[in-house]
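Heads up, the thing below is written out as structure tokens.
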Amino acid sequence: MTIATWNINGVRARLDVLTGWLKQRGPDVVCLQEIKSVDEAFPREAIESLGYNVETHGQKGFNGVAILSKRPFEVTRRGLPGDSEDVQARYIEAEIPAGRGIVRVASIYLPNGNPVGTEKFPYKLSWMARLEAHARALLAFEEPLVLAGDYNVIPEPRDARRPEVWVNDALFQPESRGAFRALAALGLTDAVRTTTDAGDVYTFWDYQAGAFQKNDGIRIDHLMLSAEAADRLGKVEIDRDTRALEKPSDHVPVVAEFTFPA
């Protein structure tokens, strides 16, 4: 089973890029972020015609997450628990059949948090604290769990081509990185870093200043795995070629391959 995460940066604007990649790559499960669409306007027919079941948690104009799966599945949660007043569409969770059991998958669009000196940064940190609490509860099920998405966190200096330019950014603040380490400390494994120690491994390149051509990127899209999922992990690939397509997202897909007992 292949499980991918991709911040699509507007599903309707990138529909041709998305469907072309689905046809070529054919992942079993895709977690999309920043769909920028209400549920009713999501172009589900174009995706369903490729053999995918579609569930969304959308929002007009910005945010929004979705899960696509070749296998029928059950959504277990729309929205991250812990704050009943938070109306931003940033989390959807589902149980998907895998081998003789299920894999629990969440698509996550973590708040950006910029500018740091505004209310957006405390919101980011409180959201991460809620995610940590929910992840702890999910880990108690002792089942394969994949928390996939755009975390808007650069975990380490090696995850940026030029870490010095990010020191004042919310993505690289000590508090943000500490919250990400707290997730890992629960027993979650970073799929990319458990399979490679290589440098220049990025998932996002800004549209400005020829960042992609200069490989001036950062790694902020992550798949965090429970021990039960990490034990079944094979290879992980970053489909950076999608960034070179016409009208691309500024993020690229990260694709992890798992082996579940038949």
Is the stretch 231-249 home to any residue that is touching a strand residue (DSSP E or B) at 6+ places or on another chain (Cβ under 8 Å), open to solvent by less than 20 Å² (accessible area, probe 1.4 Å) and either under 18 Å from PRO111 (Cβ atoms) or aromatic (Phe, Trp, Tyr) (or both)? no
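So, ILE108, is that one under 23 Å from ILE238 (Cα atoms), in contact with a strand residue (DSSP E or B) (Cβ under 9 Å, 6 or more places away or on another chain) and touching a residue at least 60 places away in the same chain (Cβ under 8 Å) or not?
On the way: under 23 Å from ILE238 (Cα atoms): yes; in contact with a strand residue (DSSP E or B) (Cβ under 9 Å, 6 or more places away or on another chain): yes; touching a residue at least 60 places away in the same chain (Cβ under 8 Å): yes.
So ILE108 fits the description; yes.
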Residue count, the stretch 160-188 (criterion: surrounded by 18 or more Cβ atoms within 10 Å (Cβ to Cβ) and either in contact with a helix residue (DSSP H, G or I) (Cβ under 7 Å, 6 or more places away or on another chain) or touching a residue at least 60 places away in the same chain (Cβ under 8 Å) (or both)): 8
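For the stretch 136-144, indicate whether the set of residues that are under 22 Å from GLU34 (Cβ atoms) and open to solvent by less than 70 Å² (accessible area, probe 1.4 Å) is non-empty.
Of all residues in the stretch 136-144, those under 22 Å from GLU34 (Cβ atoms) come to none.
Checked against the condition, which is being under 22 Å from GLU34 (Cβ atoms) and open to solvent by less than 70 Å² (accessible area, probe 1.4 Å), the stretch 136-144 yields no hits at all.
Could you say which residue among GLY99, GLY58 is of a type outside the set (Lys, Arg) and modelled with pLDDT under 95? So that I can check it myself, show each step before the final result.
Numbers: GLY58 fails: modelled with pLDDT under 95.
Within the list GLY99, GLY58, the selection yields GLY99.
The values are calculated or read from the model by the stated rules, or taken from the named source; none is laboratory data. Since this is a predicted model, take the numbers as computed values, not measurements. Here the Cβ is made from the backbone with ideal geometry for all residues, glycine too, and neighbour counts use every protein chain on show. Note: areas computed on protein heavy atoms with side chains; ligands, DNA, RNA excluded. Shrake-Rupley method; radii C 1.70, N 1.55, O 1.52, S 1.80 Å.
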